[in-house]
Amino acid sequence: MSDARLLVGSAIIAALLAGCGGDSSDHDSSSGTPPETENPVSFSFVEATIADLHASLESGGITCEEVVQGYIDRIHAYDDDGTETEFKSVVAINPHALDDAREKDRDFPVDGIDGPLYCVPVLPKDNFNTEQMPTSGGALAFQYNQPTEDAYTIGKLRDAGAIIIGKANMDEFAFGFVGESSVRGLVKNAYDLTKGAGGSSTGTGTSISSSFAITGTGSDTGGSIRVPSALAGLVGIRPSLRLVSQDGIMPLASFQDTGGPMCRTVQDCALMMDAMVGFDDGAYSNQRVSYELNARLINNQEEYQEVTGVPDTYTNFLDSNGLQGARIGVVRDMFSSDDSVNNVVNDALAKMQAAGATVEDVVLPDQSSVLGDYRSLSSFEFKHDLENYLNAWTTAMDGHILDYADLVASGGYLPGNQRSLESRGAYDLNHLSDEDQAIYDKNTIERPVFVRERVMRALNNVDENGDSLGEPYDVLIYPTISGFAGDLGRSPTTGSNNRLSPFSQFPALTMPAGMAVDKDPVVPVGMEMLGREFAEATLIKLAYAYQELAHPRQAPTLAPELEEEDASAP
C-alpha cells in the first residue's frame, strides 16, 4: 500500500474523530433539563457503572447528552490528541450519538429510564455492523463499508436503550493478537503505553479500561475477547456458540466465531448479555446449525429457549455469596511457567476457598491433544464467510468490495497481511482437495466430540469409564493467558489456554484475578472460568461473588478524570 493512501486514510479517520464531538457548552441541552431533586448524584466518568449512570440521571445529576459529550471529550483528550501518548483505541465517533442522547433527554420527563441500558455509551469492535456509521474490520479497503442494517446484537443493544458512541479499533480482519489496523494503527496498552493491548478486540479492551465508554463488544474466534480483556483488567465473556447471533458481524471463521461483551464489572456484562442473546432467524445468524453429530437444530424462539435455557435476566445471578458451596476445578497443567501469573491466580483461588468454595485440582484428560492436535478454521473459512458477509447488503449506497480477489488486489490493508490474505484465498470451501477436506473434517467433526467429551469428564469429575472421582465441578479455572503484554507491535505471551473454549464450544469468562504487583507498572492478571454449554449464568454468579469479595480490578492511571477546562473543544 502506498504512503499516500495511508495518509489519506489517516486524515479521514482524524476528520471523523475531530468533527463529531464538540464542547458541551456549545449545545442547547434545555430540552434535557434534569428533574429537580434535593440531592442530585454527581457522575464520574472514570470507572462508572451502568448503575452509577442511572442513579445520576434519575437524580438530575447529569443529562444523557452530557454523558455522551463527556465520553467524546475523553476520547479527544486521550485517544486522539495527536501526540505519542494517544491510545488509538477508537476508530471513529458516531456522528449521531449526541442526537440520540438529546432525543432521550427530551423523552425523559415522560418515559424516564425505560431500558436496562438506557443512555449507556457502548463502543463495539469495528467488525459489528452499525447502520449509523461504516464497518471497516480494521482495513482501509473497507473504510467506507456502510451496512444498511445494524448487526442483530447492535439492534438488541439499541432496543435496550444503549447509545453506540463510536467504533473500536481492532486487529485488521481479526487476524491476530497485536492490535494493529491500517485504519488507525497500533493500539496501546491501557496500563503501559510501551506495551501492546492484545487482540483482536484490541480497541475495545483499551477503550473500556480507559473509560472512553461504559461497555463494549468484541468478537472471539480463538481468544479475541479474552486476551485483550485479560491485559486490560476487564471482564470478557465468550458465550456458548449458538447463544449469540453472528448476523452482521464480519466473520473470521463461522464455525468458531461468536460475539460477547467486554466490561469493567460483572454486573455490567450481565446486563449486556441480557441484551445480546436471543434467537435470530436471519440467514447469517449462525444459530440454527449443528456443531456436533446429532446436536439438535434450532429453528425458532421456542426451540432456542429449550436448548439454551436463557434466563429472564442474568442479573438474577449476581449473588455476593455465590462462592458459598461452589465447586471449582483447577487445571494445574494449564498454569503458567511465569510465577508472577501463578501467584496472582493462586491468591485468588485461596480467597475463593475462604469464601466457602471447594477448590480442587483436576486433570483435563489428554490435555496435550485437546489443545495441540487441532487448529483454527480461519484459513479454510475466511474467504467463503467474508464473501457471504460482503454480499449481505446492496452496493448501491457505498460501492463496497464484494469479491475476495478484489479485496486482495485493492492493497487496502497492512502490507504484513498480504501473505495471510493470499494463503486464505487459496481455499475454496466448497471444493477442497482430499487432503484439505480431511483436515477440515477433523476440526469440524472430530474436534467438537473429542474435546467436549474430555472437558465434560473434567467438569463431571469422572474417569474414562464414567465412574465418579468425586462431586462434579461448577467450573474449571486456569490463567487466561500464560504471560503478559508484549512490546508495542508484538503479541502477548498467550499460550494455548485460549483454545479450550472455542474448541469445546463451551462458554468462558475472563476476569481480573488481581494485579501483578511485582511488575512496573502494576498490571492485571486474568483468570478464565470455563463452564458447561449455556451455563453463562454460573460463570456470572461465581465471577460476581469473587469481584465483590476481592475487588481485583485496579483502574489504569493514564486517562484520569478530565477537569472541566481540559475537555476538548474542536
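The values are calculated or read from the model by the stated rules, or taken from the named source; none is laboratory data. It should be emphasised that the depicted structure is a prediction, and the values quoted were computed from it without experimental measurement. Heads up, the Cβs are rebuilt from the backbone with ideal geometry, glycines too, and the neighbour counts pull from every protein chain shown.
Per-residue answers, yes or no, for (1) under 20 Å from Gln146 (Cβ atoms); (2) outside any helix (DSSP H, G or I); (3) of a type in the set (A, V, I, L, M, F, W, C); (4) at pLDDT below 95:
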site	(1), (2), (3), (4)
Ser369	no, no, no, no
Ser376	no, yes, no, yes
Glu387	yes, no, no, no
Ala405	no, no, yes, no
Gly412	yes, yes, no, no
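When Asp111, Asp150 are checked against the criterion of being touching a Ser or Thr at 6+ places or on another chain (Cβ under 8 Å), within 26 Å of Thr315 (Cα to Cα) and surrounded by fewer than 24 Cβ atoms within 10 Å (Cβ to Cβ), Asp150 stands alone in meeting it.
The number of residues in segment 156-199 that are surrounded by 24 or more Cβ atoms within 10 Å (Cβ to Cβ) and either at pLDDT below 95 or closer than 16 Å to Asp487 by Cα (or both) comes to 14.
Residue-wise test of (1) out of contact with any Asp or Glu (no Cβ under 7 Å at 6 or more places or on another chain); (2) crowded, with 16+ Cβ neighbours inside 10 Å; (3) within 29 Å of Pro507 (Cα to Cα).
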position	(1), (2), (3)
Leu407	yes, yes, no
Pro415	yes, no, no
Gln418	yes, no, no
Asn430	yes, no, no
Ile439	yes, yes, yes
Asn443	yes, yes, yes
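Total residues in segment 53-69 satisfying the condition of being over 23 Å from the mean Cα position of the chain (by Cα), buried (at least 20 other Cβ atoms within 10 Å of the Cβ) and not charged (D, E, K, R): the figure is 6.
Screening segment 4-122 for helices (runs of 4 or more DSSP H) wholly inside it with 3 or more residues that are in contact with a Phe, Trp or Tyr (Cβ under 9 Å, 6 or more places away or on another chain), small (Gly, Ala, Ser) and at pLDDT below 55 returns no ranges. Kindly establish whether Ser491 is within 25 Å of the chain's Cα centre (by Cα), small (Gly, Ala, Ser), surrounded by 14 or more Cβ atoms within 10 Å (Cβ to Cβ) and part of a helix (DSSP H, G or I). It is false that Ser491 is within 25 Å of the chain's Cα centre (by Cα), small (Gly, Ala, Ser), surrounded by 14 or more Cβ atoms within 10 Å (Cβ to Cβ) and part of a helix (DSSP H, G or I). Is it the case that some residue within segment 429-442 is part of a helix (DSSP H, G or I) and closer than 28 Å to Leu231 by Cα? Checking segment 429-442: not a single residue is part of a helix (DSSP H, G or I) and closer than 28 Å to Leu231 by Cα.
Within the set Leu402, Leu371, the sole residue that is crowded, with 18+ Cβ neighbours inside 10 Å and either at positive phi or out of contact with any Gly (no Cβ under 6 Å at 6 or more places or on another chain) (or both) turns out to be Leu371. When residues in segment 39-51 are screened for being buried (at least 18 other Cβ atoms within 10 Å of the Cβ) and without any contact (Cβ under 8 Å) to a residue 40 or more places away in the chain, 1 of them pass.
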